[in-house]
Amino acid sequence: MCRILFLKWTNKNKALEYIDAFHSTWFNDPHLEIWMKEIWWKCKINQHIHGWWYLLVTENNIKTYLNGQAFFDDINWFDNLKKQIKILEWNFLLMAELRLTDEGYVSALNSHPFFFSSNNWYEWWFFYNWLTDREKLASLEWLKIENFKKKNWTTIMWHCISKSLESWNNIKKALLCPQKALKSWYNLMSFVNDNTWEYRAFINAYSKEELLKNNNYKEFIKLIKKEEKDLFFAWSNAISVYRKDNYEVMENWEFLEFKINWIKEFYFNAWENWIDKMKL
């Protein structure tokens, strides 16, 4: 039952407005409230109580923050995130998530962004909001579900994606691989260093078609987006309650890709440098 936020480019002032709206939905998410009542699960006032986290990418830095505590128990770090955004001078990528879990355990270890790598040189961080049949996915991947009772379920998802990548499928096909065991929806954000050493970011919006006939469900699960010359935004629909604007709804099955080509890197060979000095 998570809420996800994706911001990219340079407009830090507008980004801060979105982050404040993100904070507001922690305490009162009306779409979640309605959906919870419909499926007979009473929602509390502080609705997203099971942790929050973010990934902030700039040209010289990749920062991650994971916490099993809710925002309202961790206000200093929320302020810290805003301070980091305020001092940015160039491009940035921010992915963040609020969590209300339906199953499993809550800890910093079992928190997004999850980082994994494959045997054919992909590395990726990802956030997701989904409901899946974990036992079915484990069975399809020939894994014993009892081995994962005290691990996070994402390990099964990682195995599925990695195996697909190692079969040389493209990134989109691999990232969507867990949908084969889906119960309802699968909204995904990912930041990837692929096997050509390029950095890319992805957003996926997906739900089972038959569930979209329920308007309360649709309002709860849909992702919205807005693209301007200096900021691209995508997030769960709840943000529109706290920041009014003209948003587009991401279509079902929509999969967006962004090249992150502004990360600075340099390479050196200390051994060769030492040899050159010795020749002198």
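Derivation of every value follows stated rules applied to the coordinates shown; laboratory data play no part. The model shown is predicted, which means the values in this text are computed figures rather than measured ones. A quick note on method: Cβ atoms are made from the backbone with ideal geometry, for glycine too, and the neighbour counts reach across all protein chains shown.
About the Cα centre, and with charges only on the beta carbon of Lys, Arg (+1) and Asp, Glu (-1), how big is the dipole of the chain? Nearest 20 debye, please.
Values: 37 positive and 35 negative charges, 56 e Å.
With Lys and Arg at +1 and Asp and Glu at -1, about 260 debye.
Counting other Cβ atoms within 10 Å of each Cβ, which trypsin sites (Lys or Arg not before Pro) in segment 77-152 have at most 13 and sit in a DSSP loop?
Working: sites: 82, 83, 86, 99, 134, 136, 144, 149, 150, 151; in loops: 99, 144, 149, 150, 151.
For trypsin sites (Lys or Arg not before Pro) across segment 77-152 that sit outside H, G, I, E and B with at most 13 neighbouring Cβ atoms in 10 Å, the list reads 144, 149, 150, 151.
For segment 58-158, run through the GluC sites (Glu not before Pro) and keep only the ones in DSSP coil with at most 14 other Cβ atoms within 10 Å of their Cβ. Before the final figure, lay out each step's value.
Numbers: sites: 59, 89, 97, 103, 123, 135, 141, 146; in loops: 59, 89, 103, 141.
Qualifying residues, ordered by number: 59, 89, 103.
Would you mind classifying the chain by shape? Square roots of the alpha carbon gyration tensor eigenvalues, ordered a ≥ b ≥ c; an a/c under 1.5 is rounded, otherwise it is prolate if a/b is larger than b/c and oblate if not.
Working: a/c = 1.77, a/b = 1.29, b/c = 1.38.
In terms of gyration-tensor shape, oblate.
When the chain is modelled as a GNM with alpha-carbon springs shorter than 10 Å, which of 193, 170, 11 fluctuates the most?
Result: 170 has the largest fluctuation of those listed.
If the chain between residue 133 and residue 166 were fully stretched, how many nm would it gain, using 0.36 nm times the residue separation less the Cα-Cα distance? Let's see the in-between values first.
Numbers: separation 33, 0.36 × 33 = 11.88 nm, distance 2.33 nm.
Taking residue 133 through residue 166 to full extension adds about 9.6 nm, to one decimal.
Return the loop-located chymotrypsin sites (Phe, Trp or Tyr not before Pro) in segment 219-280 (DSSP other than H, G, I, E, B) with at most 14 other Cβ atoms within 10 Å of their own Cβ; answer none if there are none. Could you put the intermediate results ahead of the total?
Working: sites: 220, 232, 233, 235, 242, 247, 253, 255, 258, 262, 266, 267, 268, 271, 274; in loops: 242, 247, 253, 262, 266, 267, 268.
Passing sites in segment 219-280 are 253, 266, 267, 268.
Among 10, 154, which comes first, then next, by fewest other beta-carbon atoms within 10 Å? Show your work: numbers first, answer last.
On the way: 10 15, 154 20.
Sorted ascending by nearby Cβ count, the order is 10, 154.
Label segment 137-280 by shape, choosing from rounded, prolate and oblate, from the square roots a ≥ b ≥ c of the eigenvalues of the Cα gyration tensor; if a/c is under 1.5 it is rounded, and otherwise prolate applies when a/b is larger than b/c, oblate when it is not.
On the way: a/c = 3.02, a/b = 1.45, b/c = 2.08.
Since a/c reaches 1.5 but b/c is at least a/b, the shape of segment 137-280 is classed as oblate.
Farthest toward the dipole's positive end in the chain, which of 260, 69, 177, given Cβ charges of +1 (Lys, Arg) and -1 (Asp, Glu) about the Cα centre?
Among 260, 69, 177, the one farthest towards the positive end of the dipole of the chain is 69.
Shape verdict for segment 43-181, please, from the Cα gyration tensor: rounded (a/c under 1.5), prolate (a/b greater than b/c) or oblate. Spell out each step's value before the answer.
Numbers: a/c = 2.58, a/b = 1.33, b/c = 1.94.
Oblate, because a/c is 1.5 or more while a/b does not exceed b/c.
Please list, or write none, the aspartates and glutamates whose alpha carbon is within less than 20 Å of the alpha carbon of residue 14, excluding same-chain residues fewer than 8 places away.
Once the sequence-local aspartates and glutamates are set aside, what remains near residue 14 is 59, 79, 89, 97, 227, 228, 230, 245, 248.
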